[in-house]
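Written out below as structure tokens is the structure these notes cover.
The values are calculated or read from the model by the stated rules, or taken from the named source; none is laboratory data. This one's a predicted model, so the numbers in the text were calculated from it and none came from an experiment. No Cβ is skipped: glycine too gets one built from the backbone with ideal geometry, and neighbour counts run over all protein chains shown. These accessible areas exclude ligands, DNA and RNA; they are computed on the full protein's heavy atoms, side chains included. Shrake-Rupley method; radii C 1.70, N 1.55, O 1.52, S 1.80 Å.
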Amino acid sequence: MNLIWGMSVRIMTLKTKWIEILYNVATGSRKIRNFFTPIGAFFYGILIFSFIVVALQVDRLLGIIDIFPRPLSIIIALPIFSFAFFLIGWSVLNFFRAKGTPVPFNPPPQLVSTGPYAYVRNPMLTGVFALLFGFGVLLGSASLLVVFAPLFIFINVWELKAIEEPELLKRLGEDYIEYRKRTPMFFPSFGIIFKRKK
């Protein structure tokens with residue numbers, strides 16, 4: 001029991017330290033934020049790539065190859081990729097307009113609630129998740145579609161709830177609390193879509 005308690009205390013301490021580091025960099029000098037931005041983007045890109053590569057290796061080990069015939073995989077994957085790249089691009093554009101980036105080390109100085117952020121809190125991640133499923137379809141990878149893309153989503157949701165959202169609360173305060181109450185995490189509700197159209 002003491003071992004479990006000790007581990008949970010260490011995890012909480014590590015989580016608190018990581019939130020503090022993220023907050024200090026995000027509110028620090030532009031030079032430091034600009035230094036960490038490409039590093040954060042690079043490592044996130046490597047993480048996505050590694051999930052795809054590992055999934056393909058697992059497929060080979062299990063003898064599962066090309067679950068979709070070739071022309072069909074391209075036909076299904078193209079709209080998924082189009083949606084993913086559109087959402088990612090639209091999200092990044094809104095962050096740039098607010099003088100920041102989607103990388104948590106270099107966020108905009110104020111809350112962004114325009115464009116796709118009017119409908120969901122993490123539209124760029126929704127795009128990234130779609131991208132992974134698109135690669136799963138294109139490459140015919142059963143393990144990417146069924147295991148690794150859902151695992152990637154789970155890890156991202158955990159990180160958002162444990163690290164990024166507490167840092168956003170600390171940095172943006174009441175604005176973020178209100179935004180979080182009215183805006184879903186990844187997928188817009190019909191109420192929000194119709195409300196925004198009025």
Checklist entry - So Ala118 clears everything in (1) of a type in the set (A, V, I, L, M, F, W, C); (2) more than 20 Å from Asn156 (Cβ to Cβ); (3) open to solvent by less than 70 Å² (accessible area, probe 1.4 Å); (4) over 17 Å from the mean Cα position of the chain (by Cα) except one condition, right? Which one? => result (4)
Next on the checklist: Of everything in the range 107-123, what is of a type outside the set (A, V, I, L, M, F, W, C) and part of a helix (DSSP H, G or I)? Give them in sequence order.
Outcome noted: Gly115, Pro116, Tyr117, Pro123
Next on the checklist: Taking the condition of being free of Cβ contacts under 8 Å to residues at least 60 places away in the same chain and in a helix (DSSP H, G or I), how many residues in the range 76-106 meet it?
Outcome noted: 20
Next on the checklist: Quick check on Phe96: is it surrounded by fewer than 19 Cβ atoms within 10 Å (Cβ to Cβ), under 21 Å from Val25 (Cα atoms) and modelled with pLDDT under 95?
Outcome noted: yes
Next on the checklist: Restricting to the range 82-93, name every residue that is out of contact with any Leu (no Cβ under 6 Å at 6 or more places or on another chain) and either open to solvent by 30 Å² or more (accessible area, probe 1.4 Å) or of a type in the set (A, V, I, L, M) (or both).
Outcome noted: Ser82, Phe83, Phe85, Phe86, Leu87, Ile88, Gly89, Trp90, Val92, Leu93
Next on the checklist: Take Phe133 and tell me if it is more than 30 Å from Gly28 (Cα to Cα), in contact with a helix residue (DSSP H, G or I) (Cβ under 8 Å, 6 or more places away or on another chain), part of a helix (DSSP H, G or I) and open to solvent by 20 Å² or more (accessible area, probe 1.4 Å).
Outcome noted: yes
Next on the checklist: Being touching a residue at least 60 places away in the same chain (Cβ under 8 Å) and surrounded by fewer than 18 Cβ atoms within 10 Å (Cβ to Cβ) is the filter here; which residues of the range 143-162 pass it?
Outcome noted: Val147, Leu151, Ala162
Item to check | Residue that is least open to solvent (accessible area, probe 1.4 Å) [pool: residues in the range 163-189 that are farther than 19 Å from Pro107 by Cα and part of a helix (DSSP H, G or I)] | outcome: Arg182
Item to check | Extreme residue, nearest to Lys161 (Cα to Cα), among residues of the range 16-75 that are outside any helix (DSSP H, G or I) and in contact (Cβ under 8 Å) with a residue 12 or more places away in the chain | outcome: Thr27
Checklist entry - Which is among the aliphatic types (A, V, I, L, M), closer than 28 Å to Lys17 by Cβ and over 14 Å from the mean Cα position of the chain (by Cα), of Leu168, Leu144, Leu139, Leu93? => result Leu168
